[in-house]
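The values are calculated or read from the model by the stated rules, or taken from the named source; none is laboratory data. Remember, it's a predicted structure, so these values are computed and weren't measured experimentally. Counting neighbours? That spans all protein chains shown, and the Cβs are built from the backbone with ideal geometry, glycine included.
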Amino acid sequence: METMSYEASPSRYKDGMEYRLCGRSGLRLPALSLGLWHNFGSVNDFSNAKKILLHAFDKGITHFDLANNYGPEPGTAEANFGRIMDESLRPYRDELIVSTKAGHEMWPGPYGDGSSRKNLIASLNQSLRRMRLDYVDIFYSHRYDGVTPIEETVQTLIDIVRSGKALYAGISKYPSHLAQKAYDIMENAGVHCLIYQGRYSMLSRQPEENGENGESVLDGVKKNGVGFIAFSPLAQGLLTDRYLNGIPEGSRAASGSPFLSGKDITPELLERLRRLNDFAKERSCTLSQVALRWLLDNPAVTSVLVGASSVEQLDTNLRAVETPALSPEEYQTLASLMK
Ligand SMILES: NC(=O)c1ccc[n+]([C@@H]2O[C@H](COP(=O)([O-])OP(=O)(O)OC[C@H]3O[C@@H](n4cnc5c(N)ncnc54)[C@H](OP(=O)(O)O)[C@@H]3O)[C@@H](O)[C@H]2O)c1
């Protein structure tokens, strides 16, 4: 049972965190946001998860990103977040931006997966109960499911915002041409799409590539005044020193994760990571700080959504916000090292 009461650090808004306007909206997001995809589920140590989350808030991270299926077990990251809300964060609700999503497999049967109106609304109601919240700040369609007409999914996002169960809506991983369709439908309904969430890192640059409409996702967000939040900015830990000397026990790649396995860490990739790590050392910072800085320097990027399994990792990453911007020469050098 929790006995220690929590009081947020009085210096949380004076420790160097930047807050950036999210597209053409009045909402500011912290340069670094914290994601609860891994390390916050029922299989993880609750007290460590809570320590990371509260430390993040103490350091000015006001945005926490969840989804219905985060855990494992699916749903337990939201349940643990709800417990932390009750134990510590409830007095700070108006200082928090909490997001959740629906669209990937969550419960059995035809309504627990995909982007139908049925799934999105049922899922959001479940998420609110698990997180012990009356509303979320941002609700996302987690993916385009390839079946549900985009009009149905996007109308549901609009209705959810109008219902007050979410203050804003966003989309994640939509191909560029469908993202444009979503922006247009929302704009016409008077509910601006707040944000696009996409995988973006020095190792994964899909948001820069042109889609079927001849535009990239990054072009699209800029043109439509939509914010962009980059997920897996450290390529799940590859863009750190975590794997430079083998696969450490307790790491994501060692834990049997379906998303990152030892097989992904090829000798060619390691060679590239070592070159990038040497570059970081010459700059007197860590590889993770360079990887985050590279994203923070991009004017299309509103916030960078990191994960962390310890307070120490988070602290290392927080220092990226104060690391000087990359010079054009450094940017060029990095471009050649990434290849
Ligand atoms: N929209 C979507 O479909 C989608 C998909 C994926 C993720 N996301 C969101 O993005 C968030 C972040 O994703 P991610 O966890 O893949 O992000 P990430 O920041 O690329 O990877 C986080 C992992 O990297 C390692 N790490 C972080 N900082 C480190 C440091 N300083 N030194 C050494 N290792 C470090 C840790 O791995 P270890 O656990 O091995 O210590 C940590 O768990 C998620 O929580 C979620 O909110 C969204």
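Summary of values
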read-out: Residue check, SER232 in contact with a Gly (Cβ under 7 Å, 6 or more places away or on another chain), within 22 Å of ASP315 (Cβ to Cβ) and either at pLDDT 95 or above or near the ligand (Cβ under 9 Å from one of its atoms) (or both); value: no
read-out: Selection from segment 159-173 of residues that are crowded, with 18+ Cβ neighbours inside 10 Å and either of a type in the set (Val, Ile, Thr) or not in a strand (DSSP E or B) (or both); value: ILE160, VAL161, LYS165, ILE171, LYS173
read-out: Failed condition for GLY146, given (1) touching a strand residue (DSSP E or B) at 6+ places or on another chain (Cβ under 9 Å); (2) part of a loop (DSSP other than H, G, I, E, B); value: (1)
read-out: Residue, farthest from ARG24 (Cα to Cα), within segment 292-323, restricted to residues that are touching a strand residue (DSSP E or B) at 6+ places or on another chain (Cβ under 6 Å) and small (Gly, Ala, Ser); value: GLY307
read-out: Condition broken by LYS263, with the remaining ones in (1) surrounded by fewer than 18 Cβ atoms within 10 Å (Cβ to Cβ); (2) within 12 Å of the ligand (Cβ to nearest atom) satisfied; value: (2)
read-out: VAL191 of a type in the set (Val, Ile, Thr) and in a loop (DSSP other than H, G, I, E, B); value: yes
read-out: Test: residue in segment 279-288 that is crowded, with 20+ Cβ neighbours inside 10 Å, in a helix (DSSP H, G or I) and within 11 Å of the ligand (Cβ to nearest atom); value: yes
read-out: Criterion (touching a residue at least 60 places away in the same chain (Cβ under 8 Å), farther than 25 Å from LYS181 by Cα, of a type outside the set (Ser, Thr, Tyr) and outside any helix (DSSP H, G or I)) met by exactly one of ARG252, ARG242; value: ARG252
read-out: Residue that is farthest from HIS192 (Cα to Cα), among those in segment 130-143 that are charged (D, E, K, R) and touching a strand residue (DSSP E or B) at 6+ places or on another chain (Cβ under 7 Å); value: ARG143
read-out: Close pairs (6 angstrom Cβ cut-off, 6 or more residues apart or separate chains): more than 14 Å from THR76 (Cβ to Cβ) in segment 44-65, of a type in the set (Lys, Arg) and part of a loop (DSSP other than H, G, I, E, B) anywhere; value: ASP58/ARG12; GLY60/ARG12
read-out: Subset of segment 201-217 (residues that are within 16 Å of the ligand (Cβ to nearest atom) and over 15 Å from GLY170 (Cβ atoms)); value: SER201, MET202, LEU203, SER204, ARG205, GLN206
read-out: Residue satisfying condition, being touching a Cys at 6+ places or on another chain (Cβ under 9 Å) and at positive phi, within set GLY103, GLY23, GLY60, GLY16; value: GLY23
read-out: Unmet requirement for LEU270, which otherwise passes all of (1) among the aliphatic types (A, V, I, L, M); (2) more than 30 Å from ALA179 (Cβ to Cβ); (3) within 13 Å of the ligand (Cβ to nearest atom); value: (3)
read-out: Extreme residue, surrounded by the fewest Cβ atoms within 10 Å (Cβ to Cβ), among residues of segment 174-196 that are within 15 Å of PHE139 (Cβ to Cβ) and touching a Gly at 6+ places or on another chain (Cβ under 6 Å); value: ILE195
read-out: Test: residue in segment 170-191 that is over 17 Å from the mean Cα position of the chain (by Cα), within 16 Å of the ligand (Cβ to nearest atom), over 23 Å from ASN317 (Cβ atoms) and among the aromatic types (Phe, Trp, Tyr); value: no
read-out: Segment 25-40, residues that are of a type in the set (Phe, Trp, Tyr) and within 6 Å of the ligand (Cβ to nearest atom); value: TRP37
